[in-house]
1. Can you list which of the GluC sites (Glu not before Pro) found in the chain are DSSP loop residues with at most 13 other C-beta atoms within 10 Å?
2. Would you mind computing Rg(Cα) / (2.2 N^0.38 Å) for the chain, counting N as its residues?
3. Straight-line reach from Lys77: which lysines have Cα under 28 Å away, leaving out those fewer than 8 places along the same chain?
4. Would you give the gap between the C-alpha center of the range 30-54 and the C-alpha center of the range 6-28, rounded to a whole Å?
5. Which residues make up the longest stretch of the chain clear of trypsin sites (Lys or Arg not before Pro) that lie in a DSSP loop with no more than 12 other Cβ atoms within 10 Å, not counting the sites?
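FYI, it's all coordinate maths here, none of it is from the lab. Note that the structure is a prediction, hence the values are computed from the model and not measured. Glycine also receives a Cβ, built like all others from the backbone with ideal geometry; neighbour counts cover every protein chain displayed.
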Amino acid sequence: MSDCVFVQLRCKPGTTYKVAEELVLKELHSELYSTSGEWDLLLKVYVPKGEDIGKFINDQLLDVAGIERSLTTLTFKVF
């Protein structure tokens, strides 16, 4: 089992595609989208059950150069 979380990322200007390329190489996400608006990228990530979600995101995703800020949304039930 795992916990599904959505992570929105704001990238430094001009780095969105480079950040996306680095994230793809990590193979941690289920889906990765470029988005319009306040955030540049949206990831759907399955965090292994029992693992600290905040630590997982900090250690596995936010170490990519070019990420300015993140917003994580936890999910509860799929319909």
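1. Glu27, Glu38, Glu51
2. Compactness ratio reported: 1.05.
3. Lys26, Lys44, Lys49, Lys55
4. Centre-to-centre (Cα) distance: 10 Å.
5. After excluding every exposed loop site, the longest remaining stretch is 1-48.
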